Amino acid sequence: MFNIIFLDNNLQDLQRTKEYLESVQNEIKYDVNIEYCHEESQMFQILNAKTSPYDIFVTDINMRNLSGIDIARKIRDEQKNAIVIFMTSYTKYVYQSFEYAVFRYIRKDHMNEELLPALQAACEKLAVSRRTYIIIKNTQGIQKVKSSDIMYFELENRKCIIYTREERIEAWKNITQLKNELGEEVQLFIEVYRGCLVNKKHIKKVWKNENKLVLDNNIELPISRRKKKVIEETMANYWNKHK
């Protein structure tokens, strides 16, 4: 789960944001907990806490006693890996914010177009950065495999076969067990035909006139004709976010 907090001393803007997110939260592909804060005194408490439960901070820039730049600076001092997103009506701080690795700028008057994709991208970045491992048992022994190294996995003769760039690994797991073990990182995979899931990170091409795709090691995989349109749309969105 990813914990997200919105910081904005404009209660009306914050309420508008909350209503919008409640209407689209089911579209967020990750398990998230979202909180809202408009009292600056509470913001100071959150930012001065020795440990923070929050992974993503979405903050206004121009507040009475606390600017978004101050918030970004404080977060970077305490949490190097937290994601900071500015949602504001002001753009004059854009260049100043580069120092604090602000992830995205959301324009308040374009919230409906920009906020959801930004949260999706932030969650995906966090999921990748956590780099979980899965444990594989088979007749050869036991080994751990970094989930980000998995290019694809498929069901073959009632066995789950995992492919990395270097290895073909048979696992004593079924597809459902492997997906559960991947946890949040399963969102990085897309099913291309029944029983085969491919890591989007390793897809470099989807053929237009043929039902197949190409991985970044030039391996070609078939894709379901029924799933092709969804795969094309999913990969177009993924590549746009990871240019």
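FYI, it's all coordinate maths here, none of it is from the lab. Everything numeric in this text was worked out from a predicted model, so none of it was measured. Neighbour counts are summed over all protein chains in view; Cβ atoms, including those assigned to glycine, are modelled from backbone coordinates with ideal geometry.
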Handout entry: Of K200/K241; K80/K144; K18/K227; K204/K229; K205/K241, those spanning more than 22 Å from alpha-carbon to alpha-carbon
Key = K80/K144; K18/K227
Exercise for the section: Starting from segment 174-243, pick out the chymotrypsin sites (Phe, Trp or Tyr not before Pro) whose DSSP state is loop and whose Cβ has at most 16 other Cβ atoms within 10 Å. Expected result: W207
Practice task
Just tell me which aspartates and glutamates come within less than 13 Å, Cα to Cα, of K208; anything on the same chain fewer than 8 places away is out.
Solution key: E232, E233
Problem - Gyration tensor verdict on segment 2-130 (Cα atoms; rounded if a/c is under 1.5, prolate if a/b is larger than b/c, oblate otherwise) - result: rounded
Practice task
Return the percentage of antiparallel bridges among DSSP beta bridges fully within the chain, rounded to the nearest 5 %.
Solution key: 60
Completion exercise
Whole-number value, in Å³ per residue, for the convex hull of the alpha carbons of the chain is 148
